[in-house]
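Structure, as structure tokens:
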Amino acid sequence: MGDSFTFIFNPAADKGRAADKTALIERSLAHFEVASLETTRFAGHAAEIARAAAGEGSTLIACGGDGTLNEVVNAVAGQPVKVGVLPVGSANDFLKTFNPSAKEHEVRIRGFAGATSRKVDLGKVEFGGGESRYFVNSIGIGFTGRIASTVKSVKWLRGELSYAWALVSVLLGYSAVKMHITLDTVEGKIELDEPVFAFSVSNGRVEGGKFRIAPEADPFDGLLDVCILKAVSKWRVPGYVLKYLKGSQIHDPNVIYCKARSVEVFLSVSEAMHMDGEVIEKVGGAIAITAEPLAVEMLYEP
């Protein structure tokens, strides 16, 4: 237990409800020989803390949701630093790929001291004429991007209820988005140039709380799982929602599901894009998505 741990805590996670965990986390640090709690105060602060702590050889524990984990990972990807997750966010979708047990937070925190680690894949997105970011769990453009944007704006709902509300709200005014997509898959190149209802690229299996967007995703295989729902009538969408909840959409003839090394997308009209639930509005033009094998070392659930 001589290792140093830095707990990077986002009290704004879960729409501010994570702040209630402050005392619990502070109390739990007594189980570590060297540990500190750093609380984020503004967007981008988690990345600043992560870079500084990584430079001192500390193991980083992202205390928040998928967005907090995304920020920490983007700060240290490719560096010899370990990253753990204390799930106090709304969905914490990436952890669901590993079928985590329902341990109390205090038990999880104590377990980090003896946890083993393993490198996992990331996805990298290049857009906006040179900007690039990593994602840990998933990226969505169009339908799921707008859903993530709506979730952020709805303050009176939390967790899976907020995703359900956002889905219905977005669907009412949504139509398929024209995309030119090129997929470099394990079985060869696939090219589409047509309206697409939903476009997702995943490293983890679950998105939006319970939706199994990529039921065959494996964050250790060096590949990304692509799930594309072609243009369908709105009256058919409720049926597809049920399929996405079970993960059975991958067998539907209107769905393209494959494993890819890279994906290129061109949008002639700007759209909302999310990365691990964090929204970037009005993204257009060329977007390049690539698998980054074993790019970050993460702690196993203690």
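The values are calculated or read from the model by the stated rules, or taken from the named source; none is laboratory data. What you see is a predicted model, and the numbers here were worked out from it, not measured in a lab. With ideal geometry, Cβ positions are generated from the backbone for all residues, glycine too; neighbour counts draw on all protein chains shown. Just so you know, the surface numbers come from the protein's heavy atoms only, side chains and all, with ligands and any DNA or RNA stripped out. Shrake-Rupley method; radii C 1.70, N 1.55, O 1.52, S 1.80 Å.
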Inside the range 263-289, the number of residues satisfying the requirement of being crowded, with 18+ Cβ neighbours inside 10 Å and in contact with a strand residue (DSSP E or B) (Cβ under 7 Å, 6 or more places away or on another chain) is 14
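Return the residues of the range 138-153 that are of a type outside the set (Ser, Thr, Tyr) and either open to solvent by less than 10 Å² (accessible area, probe 1.4 Å) or under 12 Å from the mean Cα position of the chain (by Cα) (or both); say none if nothing qualifies.
Of all residues in the range 138-153, those of a type outside the set (Ser, Thr, Tyr) come to 139-143, 145-148, 151-152.
Once the filter is applied, which keeps residues that are of a type outside the set (Ser, Thr, Tyr) and either open to solvent by less than 10 Å² (accessible area, probe 1.4 Å) or under 12 Å from the mean Cα position of the chain (by Cα) (or both), the range 138-153 yields ILE139, GLY140, ILE141, GLY142, GLY145, ALA148.
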Residues located in the range 189-215, provided they are open to solvent by 20 Å² or more (accessible area, probe 1.4 Å), under 16 Å from the mean Cα position of the chain (by Cα) and modelled with pLDDT of 95 or more: ARG205, ARG212, PRO215
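Considering only the range 1-21, state which residues are touching a Phe, Trp or Tyr at 6+ places or on another chain (Cβ under 7 Å) and modelled with pLDDT of 90 or more. Step through it out loud before you land on a result.
Just the residues of the range 1-21 that are touching a Phe, Trp or Tyr at 6+ places or on another chain (Cβ under 7 Å), to begin with: 1, 5.
Selection gives PHE5 alone.
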Using the structure shown, decide if THR182 is open to solvent by 20 Å² or more (accessible area, probe 1.4 Å), free of Cβ contacts under 8 Å to residues at least 60 places away in the same chain and among the β-branched types (Val, Ile, Thr). no
Tally, over the range 36-73, of residues that are farther than 13 Å from PHE9 by Cα and small (Gly, Ala, Ser): 6
For the structure I just gave you, tell me whether LYS21 is touching a residue at least 60 places away in the same chain (Cβ under 8 Å), over 21 Å from VAL83 (Cβ atoms) and open to solvent by less than 70 Å² (accessible area, probe 1.4 Å). no
Please find, within the range 24-41, the residue that is least open to solvent (accessible area, probe 1.4 Å) out of those that are acidic (Asp, Glu) and under 23 Å from ASN92 (Cα atoms). GLU38
Considering only the range 229-245, state which residues are closer than 14 Å to LEU167 by Cβ and open to solvent by 30 Å² or more (accessible area, probe 1.4 Å). LYS234, PRO238, GLY239, VAL241, LEU242, LYS243, LEU245
Note on the range 43-71: residues in contact with a helix residue (DSSP H, G or I) (Cβ under 9 Å, 6 or more places away or on another chain), modelled with pLDDT under 95 and surrounded by fewer than 17 Cβ atoms within 10 Å (Cβ to Cβ) are ALA43, GLY44
Within the set of pairs 6 or more residues apart or between chains, which connect a residue that is under 14 Å from GLU56 (Cβ atoms) and open to solvent by 20 Å² or more (accessible area, probe 1.4 Å) inside the range 1-14 to a residue that is modelled with pLDDT of 90 or more and not in a loop (DSSP other than H, G, I, E, B) with Cβ atoms less than 6 Å apart? ASP3/THR59; SER4/VAL34
Pairs returned, first residue in the range 138-157 that is without any contact (Cβ under 8 Å) to a residue 60 or more places away in the chain, second residue that is open to solvent by 20 Å² or more (accessible area, probe 1.4 Å) and among the hydroxyl-bearing types (Ser, Thr, Tyr), beta-carbon separation under 7 angstrom, 6 or more apart or interchain, are THR150/SER169
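Look through ASN74, ASN99 and report the one residue that is over 15 Å from THR6 (Cα atoms), open to solvent by 20 Å² or more (accessible area, probe 1.4 Å) and without any contact (Cβ under 8 Å) to a residue 12 or more places away in the chain. Quick ask: steps written out before the conclusion?
Values: ASN74 fails: without any contact (Cβ under 8 Å) to a residue 12 or more places away in the chain.
Every option except ASN99 fails the conditions.
So which residues in the range 109-137 are in a loop (DSSP other than H, G, I, E, B) and either surrounded by 15 or more Cβ atoms within 10 Å (Cβ to Cβ) or modelled with pLDDT under 90 (or both), if there are any at all?
ALA115, GLY128, GLY129, GLY130, VAL136, ASN137
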Give the range 217-241 a look and list any residue that's assigned to a loop (DSSP other than H, G, I, E, B) and either within 20 Å of ALA295 (Cβ to Cβ) or within 16 Å of the chain's Cα centre (by Cα) (or both), or say none. ALA217, ASP218, PRO219, PHE220, ASP221, GLY222, LEU223
Limited to the range 246-258, what total is found for residues that are farther than 16 Å from ALA231 by Cβ and open to solvent by 50 Å² or more (accessible area, probe 1.4 Å)? 2
